[in-house]
Amino acid sequence: MKCQRCDKEAHFHITELLGPKPVEIHLCQDCVREYLSESPNEAVAAAGAAASLAQQMLQQMAVSQTAEELEKLDKLSCPVCGITYYQFRTQGRLGCANDYTCFRKELENLLMHIHGETQHCGKRPSRPAKHSELLTSLIRLRREMQEAIAAENYERAGQIRDEIRRIETQVKQNRS
(Lines give C-alpha, C1' and ligand atoms only; values in the text may rest on other atoms or scores of the structure.)
Protein backbone atom coordinates (compact mmCIF):
# COMPACT_ATOMS: atom_id res chain seq x y z
CA MET A 1 0.00 0.00 0.00
CA LYS A 2 1.23 3.51 -0.82
CA CYS A 3 1.58 6.45 1.56
CA GLN A 4 -1.31 8.92 1.33
CA ARG A 5 1.06 11.91 1.39
CA CYS A 6 3.79 10.68 -0.96
CA ASP A 7 4.38 7.67 -3.22
CA LYS A 8 6.55 5.64 -0.81
CA GLU A 9 5.51 2.34 0.72
CA ALA A 10 3.21 2.84 3.74
CA HIS A 11 4.36 1.08 6.90
CA PHE A 12 2.04 2.78 9.39
CA HIS A 13 -1.72 2.35 9.29
CA ILE A 14 -3.62 4.64 11.64
CA THR A 15 -7.32 4.48 12.35
CA GLU A 16 -8.68 7.69 13.83
CA LEU A 17 -12.04 7.61 15.57
CA LEU A 18 -12.94 11.27 15.25
CA GLY A 19 -16.46 11.26 13.99
CA PRO A 20 -19.24 8.78 13.33
CA LYS A 21 -17.01 6.82 10.92
CA PRO A 22 -13.43 5.65 11.54
CA VAL A 23 -10.85 7.24 9.23
CA GLU A 24 -7.90 5.17 8.07
CA ILE A 25 -4.60 6.87 7.30
CA HIS A 26 -1.69 5.07 5.60
CA LEU A 27 1.72 6.72 5.96
CA CYS A 28 5.38 5.99 5.31
CA GLN A 29 7.99 6.42 8.05
CA ASP A 30 8.93 9.98 7.01
CA CYS A 31 5.35 11.17 6.74
CA VAL A 32 4.28 9.55 10.02
CA ARG A 33 6.96 11.58 11.82
CA GLU A 34 5.51 14.76 10.33
CA TYR A 35 2.00 13.59 11.15
CA LEU A 36 2.87 12.84 14.77
CA SER A 37 4.78 16.08 15.28
CA GLU A 38 1.96 18.24 13.91
CA SER A 39 0.00 20.09 16.55
CA PRO A 40 -3.19 18.14 17.22
CA ASN A 41 -6.37 19.69 15.90
CA GLU A 42 -9.40 20.21 18.10
CA ALA A 43 -10.98 16.94 17.07
CA VAL A 44 -7.91 14.92 17.97
CA ALA A 45 -7.63 16.78 21.28
CA ALA A 46 -11.27 15.92 22.00
CA ALA A 47 -10.68 12.28 21.10
CA GLY A 48 -7.93 11.38 23.57
CA ALA A 49 -7.57 7.87 22.17
CA ALA A 50 -6.22 9.12 18.84
CA ALA A 51 -3.77 11.46 20.57
CA SER A 52 -2.51 8.69 22.85
CA LEU A 53 -2.11 6.39 19.83
CA ALA A 54 -0.02 9.03 18.12
CA GLN A 55 2.12 9.39 21.24
CA GLN A 56 2.59 5.60 21.45
CA MET A 57 3.72 5.47 17.84
CA LEU A 58 6.14 8.34 18.44
CA GLN A 59 7.57 6.48 21.45
CA GLN A 60 7.92 3.29 19.38
CA MET A 61 9.91 5.18 16.75
CA ALA A 62 12.13 6.61 19.51
CA VAL A 63 12.71 3.06 20.81
CA SER A 64 13.88 1.91 17.38
CA GLN A 65 16.35 4.82 17.25
CA THR A 66 17.51 3.91 20.75
CA ALA A 67 18.06 0.31 19.63
CA GLU A 68 20.39 1.52 16.87
CA GLU A 69 22.33 3.65 19.36
CA LEU A 70 22.52 0.72 21.78
CA GLU A 71 23.92 -1.52 19.06
CA LYS A 72 26.77 0.97 18.50
CA LEU A 73 27.30 1.31 22.25
CA ASP A 74 27.49 -2.47 22.74
CA LYS A 75 30.64 -2.56 20.60
CA LEU A 76 32.60 -0.28 22.96
CA SER A 77 35.28 -2.15 24.90
CA CYS A 78 37.72 -1.46 27.72
CA PRO A 79 41.36 -1.31 26.58
CA VAL A 80 42.56 -2.81 29.88
CA CYS A 81 40.32 -5.85 30.51
CA GLY A 82 38.64 -6.12 27.09
CA ILE A 83 35.07 -6.28 28.39
CA THR A 84 32.48 -4.86 26.01
CA TYR A 85 29.51 -2.78 27.04
CA TYR A 86 27.29 -5.63 25.81
CA GLN A 87 29.01 -8.05 28.20
CA PHE A 88 28.46 -5.58 31.03
CA ARG A 89 24.76 -5.28 30.15
CA THR A 90 24.26 -9.05 30.02
CA GLN A 91 26.38 -10.00 33.07
CA GLY A 92 25.74 -6.93 35.19
CA ARG A 93 29.43 -6.73 36.16
CA LEU A 94 32.34 -4.62 35.07
CA GLY A 95 35.71 -6.18 34.39
CA CYS A 96 38.10 -3.71 36.04
CA ALA A 97 38.35 -0.28 37.65
CA ASN A 98 39.17 1.30 34.27
CA ASP A 99 35.67 0.40 33.02
CA TYR A 100 34.25 3.22 35.13
CA THR A 101 36.33 5.65 33.09
CA CYS A 102 35.77 3.88 29.78
CA PHE A 103 31.96 3.68 30.13
CA ARG A 104 31.59 6.85 32.22
CA LYS A 105 28.84 8.54 30.20
CA GLU A 106 26.71 5.41 29.96
CA LEU A 107 27.21 4.51 33.62
CA GLU A 108 26.27 8.02 34.77
CA ASN A 109 22.99 7.76 32.87
CA LEU A 110 22.37 4.30 34.34
CA LEU A 111 23.18 5.39 37.90
CA MET A 112 20.99 8.48 37.57
CA HIS A 113 18.12 6.29 36.39
CA ILE A 114 18.57 3.68 39.13
CA HIS A 115 19.64 5.76 42.14
CA GLY A 116 18.62 9.27 41.19
CA GLU A 117 22.20 10.41 41.91
CA THR A 118 25.58 10.07 40.28
CA GLN A 119 27.63 10.84 43.37
CA HIS A 120 28.25 8.33 46.14
CA CYS A 121 26.68 9.43 49.43
CA GLY A 122 27.03 6.29 51.54
CA LYS A 123 29.86 4.70 53.49
CA ARG A 124 33.38 4.64 52.14
CA PRO A 125 36.23 2.27 52.97
CA SER A 126 38.19 3.47 56.01
CA ARG A 127 41.47 3.02 54.13
CA PRO A 128 42.10 3.19 50.41
CA ALA A 129 42.96 0.11 48.37
CA LYS A 130 46.76 -0.21 48.45
CA HIS A 131 47.10 -2.47 45.49
CA SER A 132 44.58 -1.11 43.01
CA GLU A 133 47.22 -0.42 40.36
CA LEU A 134 48.72 -3.87 40.79
CA LEU A 135 45.31 -5.50 40.60
CA THR A 136 44.49 -3.55 37.44
CA SER A 137 47.75 -4.69 35.86
CA LEU A 138 46.89 -8.29 36.85
CA ILE A 139 43.62 -8.04 34.97
CA ARG A 140 45.40 -6.62 31.90
CA LEU A 141 48.11 -9.31 32.04
CA ARG A 142 45.58 -12.14 32.34
CA ARG A 143 43.78 -10.85 29.27
CA GLU A 144 47.09 -10.59 27.38
CA MET A 145 47.98 -14.14 28.43
CA GLN A 146 44.65 -15.43 27.09
CA GLU A 147 45.29 -13.62 23.80
CA ALA A 148 48.82 -15.05 23.58
CA ILE A 149 47.50 -18.57 24.18
CA ALA A 150 44.79 -18.06 21.56
CA ALA A 151 47.49 -16.92 19.10
CA GLU A 152 49.56 -19.98 20.12
CA ASN A 153 52.41 -17.73 21.27
CA TYR A 154 53.28 -19.94 24.24
CA GLU A 155 56.64 -18.33 24.94
CA ARG A 156 55.00 -14.93 25.47
CA ALA A 157 52.22 -16.58 27.51
CA GLY A 158 54.87 -18.11 29.78
CA GLN A 159 56.54 -14.72 30.29
CA ILE A 160 53.19 -13.16 31.16
CA ARG A 161 52.41 -16.04 33.54
CA ASP A 162 55.70 -15.41 35.37
CA GLU A 163 54.91 -11.69 35.62
CA ILE A 164 51.44 -12.52 37.01
CA ARG A 165 52.98 -14.80 39.65
CA ARG A 166 55.50 -12.10 40.61
CA ILE A 167 52.74 -9.51 41.08
CA GLU A 168 50.52 -11.93 43.02
CA THR A 169 53.40 -12.71 45.37
CA GLN A 170 54.05 -8.99 45.85
CA VAL A 171 50.39 -8.37 46.68
CA LYS A 172 50.33 -11.24 49.22
CA GLN A 173 53.48 -9.97 50.91
CA ASN A 174 52.11 -6.45 51.21
CA ARG A 175 48.88 -7.72 52.81
CA SER A 176 50.78 -9.45 55.59
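The values are calculated or read from the model by the stated rules, or taken from the named source; none is laboratory data. Note that this is a predicted model, so its numbers are computed, not measured. As a convention, Cβ positions derive from the backbone with ideal geometry for all residues, glycine included, and neighbour counts pool all protein chains shown. With ligands, DNA and RNA removed, areas are computed over all heavy atoms of the protein, side chains included. Shrake-Rupley method; radii C 1.70, N 1.55, O 1.52, S 1.80 Å.
When Ser132, Ser126, Ser137 are compared by accessible surface with a 1.4 Å probe, the order from highest to lowest is Ser126, Ser132, Ser137. In this rough spin-label picture, where each label sits 7 Å from Cα along the Cβ direction, the Val23-Leu73 distance is 3.8 nm. Would you work out if region 80-176 is rounded, prolate or oblate? Take a ≥ b ≥ c from the square roots of the eigenvalues of the alpha-carbon gyration tensor; rounded if a/c is under 1.5, else prolate when a/b is larger than b/c, oblate otherwise. Here region 80-176 falls in the oblate category.
Fully extending the segment from Arg142 to Lys105 would add 10.7 nm, taking 0.36 nm per residue of separation and subtracting the current Cα-Cα distance.
Applied to region 160-168, the Karplus parametrisation 6.51 cos²θ - 1.76 cosθ + 1.60 on θ = phi - 60° returns per-residue 3J(HN,Hα) values of 5, 4, 5, 5, 4, 4, 4, 5, 4 Hz, with x for Gly and Pro.
Once you list every other residue whose beta carbon is under 14 Å from the beta carbon of His113, what net charge do they have if Lys and Arg are +1 and Asp and Glu are -1? For residues surrounding His113, the net value is -1. Amide H to amide H distances under 5 Å link Ile83 with Cys78, where only residues 5 or more positions off or on other chains count and H is placed in the peptide plane. Couplings 3J(HN,Hα) of region 101-114, computed from phi: 7, 5, 9, 3, 4, 5, 5, 4, 4, 5, 5, 4, 5, 7 Hz, in residue order, whole Hz [Karplus 6.51 cos²θ - 1.76 cosθ + 1.60, θ = phi - 60°; x for Gly and Pro].
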